[in-house]
Amino acid sequence: MVRPPAEQPSRRTAVLEERLRELRGRRDLTAADRRRLEAILREIGNLGGISLDDLLKPDKPDKPGGPNDDPIPVAGDFQGAEIEPAQIAKLIGKMAGDPPRGVDGLDFVIGSVLGQLRAERPETLPAKPVPSGRKGAVLPMSTAALGPLLQLAALRRTEGEASAVWDDGTNQLVVHAAKVSSAVTEGLVRICVPVECDQASGDMEIAFAVGSGARVAGMIMATADRPAGEPLIARVWGEALTAFAYGILLDLADSLAGASGRDERNDRLVPRGLVARRGQLRVETQARFAYDRSAK
């Protein structure tokens, strides 16, 4: 005689409950497994027809992409050898002299440095075009390498003047572009701009919070409402100094990314993120997305 279908789940539930109680007595279960078993036993009346394997799976599987996880490669991303910051710093030390007249100093030096790196270690930079939206190389800059490059970026902003005079119609400020320096700590890039005026002089420091080992920020940066340093200069020239420092940091990232490779439409790669570690700034690169073409 066959039991009515309505009775079958009840019988299977009883067997399942018995097996779960036996399983609960095992010594090799983790604390998390025991908690799941207890939760299952409390609601056992609604679990007919479900297998033990299904029940013992975590409710919420671990999510990928934690701060300490290695990035998961995506098809089309460049997967080359890691670049050592000392390699780039050494090449910059050789090539950061006076660039030829009539050329952009920042692009010339960075292009020469990455060109030499490509010749010495071709596996570190993309040899083929990077597909749209995919990642390029990661370019690590030590503090020693950042200094000369930021100075070249600052000279671009002052049209080659080592010391430029800013004039707002009422006040004047001398900005020593050729003496710009930087410091990098975890998640923070500090740019120091030496300045002087009739009333005061000194170094004005603009700090930018960027990505870190535990925080992904892309190209988003945050800063204070005015630079650190001489209060009078910060009050009058704070906004202009912040814009100046922000501009040279963006120019540096853009020049590095552009010299590192090309995309499938032969456009230069662009920066996708800045990551600051102690003593090192990493510029992450990528190919433009298709809808970014009009933004060039």
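A short reminder: the numbers here are calculations on the coordinates, not readings from a lab. These figures come from a predicted structure and were not determined experimentally. Quick reminder, even Gly has a Cβ in these numbers, built from the backbone with ideal geometry, and neighbours come from all protein chains shown.
Here are a few things to note about the model shown:
- Net charge contributed by nearby residues that have their C-beta within less than 14 Å of L188 (K/R +1, D/E -1): +3
- Between G133, P100, L152, the Cα set farthest toward the positive side of the dipole of the range 95-192 (charges on each charged residue's Cβ, about the Cα centre) is that of G133.
- The range 216-296: GluC sites (Glu not before Pro) in DSSP coil with no more than 15 other Cβ atoms inside 10 Å: E264
- Angstrom value of the Kirkwood radius, inverse mean 1/r, which spans all Cα pairs in the range 85-295: 17.8 Å
- Local electrostatic count at A276 - Lys and Arg +1, Asp and Glu -1, tallied over other residues with Cβ under 9 Å: +2
- You can think of it this way: the chain between D225 and A240 has 4.3 nm of extra reach, that is 0.36 nm per residue less the Cα-Cα gap.
- Taking amide H as placed 1.01 Å from N in the peptide plane, the amide H of G261 sits under 5 Å from that of L269, each at least 5 places away or on another chain.
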